[in-house]
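Everything below concerns the one structure shown next.
The values are calculated or read from the model by the stated rules, or taken from the named source; none is laboratory data. As the structure is a prediction and not an experimental result, all values here were calculated from the model. Cβ placement follows ideal geometry from the backbone for every residue including glycine, while neighbour counts extend to all protein chains displayed.
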Amino acid sequence: MTKRIDFYFDFISPYSYLAATQIPAFAEKHAVEVHWLPLNLPRLMSLSGNVSPATIKNKAIYSLRDLKRWASCLEVPFKMIRPGTFDSRPALRIAGALNGNDRMTFCLAIFESIWSGSIDPTEPDWLEQVVSLKELPAEWLQHQNEDFEANTHAALMAGAFGVPSFVLKKESGRPELFFGVDHMDFLSRACE
């Protein structure tokens, strides 16, 4: 492939969920290879000096409305989860240990299950519930990898400050950063 996109995400990010639902069709349409790269969003935000929208009242209110609009526009189910109520790191460790289509399948299953409201990620066995609901291989739960921490630093070095972040890499030219589901149109144009 002459083009590749590094897709940085964290399962705690509802905007990452919205972007993830679009990635498979996007990759096919643009004949681009997408690398799903889990990262630690709170750590990335701290390192980059960013703050969570939940900490700013008006931004939090706006973001909830915006997320609902985006979910409607993209025709995907959406149920808001209160920020800070679940730990995504166990799922990030599994995602980091899987490769290729297995990683994408697992990530989509996690995103769809928690952000549609099918699974409550505050329950202690939520990962097992996702694996059962989505009929994923149970042995995936045993996979563990801490690559998400290295991905966090790689994203920071690429200029990221939040997720979803996309880094477009072509055979010629410098890598180009795009931030947010609302910039996937710009990413699409850059791929063309």
Count - residues of the stretch 152-192 that are among the basic types (Lys, Arg) and not in a strand (DSSP E or B): 2
Residue check for residue 149: within 16 Å of the chain's Cα centre (by Cα), in a helix (DSSP H, G or I) and at pLDDT below 95: yes
Failed item in (1) modelled with pLDDT of 95 or more; (2) surrounded by fewer than 21 Cβ atoms within 10 Å (Cβ to Cβ); (3) over 17 Å from residue 108 (Cβ atoms); (4) not hydroxyl-bearing (Ser, Thr, Tyr), with residue 3 passing the rest: (1)
In the stretch 93-133, residue surrounded by the fewest Cβ atoms within 10 Å (Cβ to Cβ) [restricted to those that are part of a loop (DSSP other than H, G, I, E, B) and small (Gly, Ala, Ser)]: 117
Pair list, Cβ under 7 Å, 6 or more apart: the stretch 29-55 residue farther than 14 Å from residue 8 by Cβ, other residue in a helix (DSSP H, G or I) and polar (S, T, N, Q): 30/188; 53/63
Qualifying residue in the stretch 63-72 (condition: over 13 Å from residue 117 (Cβ atoms) and assigned to a loop (DSSP other than H, G, I, E, B)): no
Positions within the stretch 135-192 being under 18 Å from residue 88 (Cβ atoms), in contact with a helix residue (DSSP H, G or I) (Cβ under 7 Å, 6 or more places away or on another chain) and small (Gly, Ala, Ser), in sequence order: 155, 160, 162, 165
